Amino acid sequence: MTTPAFTVVHSTPPVETYRYLRTAAGLSPKTLEAAERGLPNTLFAVQVFCGQTAIGMGRIIGDGGTFYQVVDIAVLPEYQGQGVGKKIMTEIANYIAREVPESGYVSLLADGEAHRLYQQFGFSLTAPASVGMGLKRIAAEKT
């Protein structure tokens with residue numbers, strides 16, 4: 001069996017690619033409006049391609065000085081377990097080492113066993129000292 005050739009590109013994915021990769025990888029869907037508003041605010045993004053097809057992505061968002069968050073780590077299921085997530089995180093780790101000031105704080109939320117991947121890049125569990133929290137806006141019902 002031949003290992004596919006992967007190409008790493010430092011660019012924010014187009015809105016539809018972003019939305020597709022998120023849902024195909026099992027992440028929560030984002031509305032068109034949310035993606036159109038949010039993606040231009042990306043500090044750093046990486047995509048992994050197999051041929052012409054985007055198969056994975058990751059982004060860093062934040063204020064560019066004090067706080068950063070790693071988000072949208074997504075790999076299509078058929079490419080999981082082939083090192084694509086590690087390629088994405090390597091690019092993100094390189095950006096962090098290059099661009100984040102010494103006192104900058106980088107966070108992420110890990111789903112399931114993904115924390116094992118992130119630990120390989122220096123991230124550590126914060127509980128019980130701090131616990132991640134979230135507030136998800138609920139769309140109003142249309143009548």
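The values are calculated or read from the model by the stated rules, or taken from the named source; none is laboratory data. Every value quoted in this text rests on a predicted model; they were computed, and no experiment measured them. With ideal geometry, Cβ positions are generated from the backbone for all residues, glycine too; neighbour counts draw on all protein chains shown. Note: areas computed on protein heavy atoms with side chains; ligands, DNA, RNA excluded. Shrake-Rupley method; radii C 1.70, N 1.55, O 1.52, S 1.80 Å.
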Exercise for the section: Determine whether T53 is open to solvent by 40 Å² or more (accessible area, probe 1.4 Å), more than 13 Å from V8 (Cβ to Cβ), among the β-branched types (V, I, T) and in contact with a Pro (Cβ under 9 Å, 6 or more places away or on another chain). Expected result: no
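I'm checking my understanding of the structure. Among residues of segment 73-119 that are part of a strand (DSSP E or B) and either open to solvent by 50 Å² or more (accessible area, probe 1.4 Å) or among the hydrophobic types (A, V, I, L, M, F, W, C) (or both), which one is farthest from K30 (Cα to Cα)? Step through it out loud before you land on a result.
Of all residues in segment 73-119, those part of a strand (DSSP E or B) come to 73-75, 105-108.
Then keep just the ones that are either open to solvent by 50 Å² or more (accessible area, probe 1.4 Å) or among the hydrophobic types (A, V, I, L, M, F, W, C) (or both); that gives 73-75, 105-106, 108.
Values: I73: 14, A74: 13, V75: 16, Y105: 25, V106: 23, L108: 18 Å.
Among those that are part of a strand (DSSP E or B) and either open to solvent by 50 Å² or more (accessible area, probe 1.4 Å) or among the hydrophobic types (A, V, I, L, M, F, W, C) (or both), it is Y105.
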Can you spot a residue in segment 61-72 that is open to solvent by 70 Å² or more (accessible area, probe 1.4 Å), of a type in the set (G, A, S) and out of contact with any Gly (no Cβ under 8 Å at 6 or more places or on another chain)?
no
By residue number, the members of segment 2-33 that are free of Cβ contacts under 8 Å to residues at least 24 places away in the same chain, over 15 Å from A74 (Cα atoms) and out of contact with any Lys or Arg (no Cβ under 9 Å at 6 or more places or on another chain) are T2, E33
* To do: Kindly indicate whether G112 is at positive phi and modelled with pLDDT under 95.
  => yes
